[in-house]
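For reference, the structure is listed below as structure tokens.
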Amino acid sequence: MKTLQKPVPPGGTIGIIGGGQLGRMLALAAARLGLKTCIYNDAPDAPAFQVTPDSVSAPYDDLDALSIFAARCDAVTFEFENLPAHAIAHLESQVAVRPGAAALAITQDRLSEKTFVAKLGLKTAPFFEVSSVEQARAAFAKLGGRGIIKTRRFGYDGKGQAKVAGAEETVAAFEKFKAPAILEGFVDFAFEASVIAARGADGAFAAYDPPENEHENHILRRSTVPSRLSVAHVAEAKAIAKTIGDALDYVGVFAVELFVGSDGALLVNEIAPRVHNTGHWTIEACAVSQFEQHIRAVAGWPLGDGVRHADAVMENIIGAEADAWEALARSGALHLYGKRESRPGRKMGHLTRLSPLTKR
Ligand code: AMP
């Protein structure tokens, strides 16, 4: 396994697997630090290709192309973490990869992720493995109430998920997925929040103020800071992220999605081993954004100051909403991702509105 002996100096190249909007914003942040990027994407028209000096376009399991990519990079990271394990191992044998394969393996699979979180003594919704029809029935019997069945891997924006209220519904959803799943108890949360945190290779830790997040049709609509979390809750949320980051020996930015229960409990829903949509407001509201923070950690640089200097509301621009770009440009800090066509549910950009700081 290759490791980074010293920081990647200005002029060096950070490799990014995945060329969507997250890769694009990472590349822009790297450029601000005088670092170059090489972006790897399986399609040739990736939004991030428009803003990177170097790129490779090949399937994510093409080991020869991954070797060519690795040779051009001083360190490699991800905006898209669902690479097959053997491809990540192949990359790791040639170049420093941050976060590493172990952290990715745990967070790629909802069952291993939730098991890991529970072992750390952190709270989650009740969850049960569903790898067979018998397990689907038994899991619902144990749960005894409403639940959500989710595929263990490759789910996003509500894909590979179904609400269930009975054993036969659970079986039917599992059979439709045709993939290993977990059944989770349905959490009657007061609201959702997330912690965006960074961990350096030296164990340094920094967390942003946790935003409150609203979803529509399973897609993030809005993130707001400050959230309704109390000062004590904010400290607890950041401590949860630190526990997870340390246990994963994580390097880079990651997000911990939380349910804030009506009883005040903070439940961990999901860990995202990358920069996160709920942290986009940090570009305008913090001196060092989540994207720059991630590049700093991956390159072995000191972490930056993530203190928020403004209140912020970030809204995603989804599908045809991007057609109103002129009106949107009038009303805030507009980011458009350079996607050629809009499709329903596709994230086309986001808009951040700042207001004076009311609470820290
Ligand atoms: P996920 O893909 O796990 O991040 O879930 C996407 C969204 O579905 C979450 O942000 C919640 O709004 C909702 N959701 C997921 N799991 C649960 C649960 N166990 N109880 C209630 N809502 C959930």
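Worth pointing out:
- Filtering segment 88-145 to residues that are surrounded by fewer than 21 Cβ atoms within 10 Å (Cβ to Cβ), within 16 Å of the ligand (Cβ to nearest atom) and not in a helix (DSSP H, G or I) leaves 109, 122, 123, 124, 125, 126, 129, 144, 145.
- Members of segment 146-162 found to be at pLDDT 95 or above and surrounded by fewer than 17 Cβ atoms within 10 Å (Cβ to Cβ), listed by number: 146
- Options 94, 50: the member that is modelled with pLDDT of 95 or more, within 24 Å of residue 9 (Cβ to Cβ) and touching a helix residue (DSSP H, G or I) at 6+ places or on another chain (Cβ under 9 Å): 94
- Considering segment 198-218, the residues that are assigned to a strand (DSSP E or B), among the acidic types (Asp, Glu) and under 26 Å from residue 357 (Cβ atoms) include one that is nearest to the ligand (Cβ to nearest atom), namely 214.
- Some residue of segment 173-192 being more than 11 Å from the ligand (Cβ to nearest atom), touching an Asp or Glu at 6+ places or on another chain (Cβ under 6 Å) and closer than 30 Å to residue 235 by Cβ: no
- Each residue in segment 233-270 was checked for being farther than 14 Å from residue 195 by Cα and in a helix (DSSP H, G or I), and 3 of them qualify.
- Checked against the criterion of being outside any strand (DSSP E or B), small (Gly, Ala, Ser) and either modelled with pLDDT of 95 or more or not assigned by TED's automatic domain parsing to the domain that holds residue 268 (or both), segment 184-197 contains not a single residue that satisfies it.
- Options 270, 292: the member that is closer than 25 Å to residue 190 by Cβ and in contact (Cβ under 8 Å) with a residue 12 or more places away in the chain: 270
- Screening segment 169-185 for residues that are in contact (Cβ under 8 Å) with a residue 12 or more places away in the chain and surrounded by fewer than 16 Cβ atoms within 10 Å (Cβ to Cβ) and picking the one that is nearest to the chain's Cα centre (by Cα) gives 179.
The values are calculated or read from the model by the stated rules, or taken from the named source; none is laboratory data. These numbers were taken from a predicted model, which means no experiment stands behind them. Cβ: placed from backbone, ideal geometry, glycine included. Neighbour counts: every protein chain shown.
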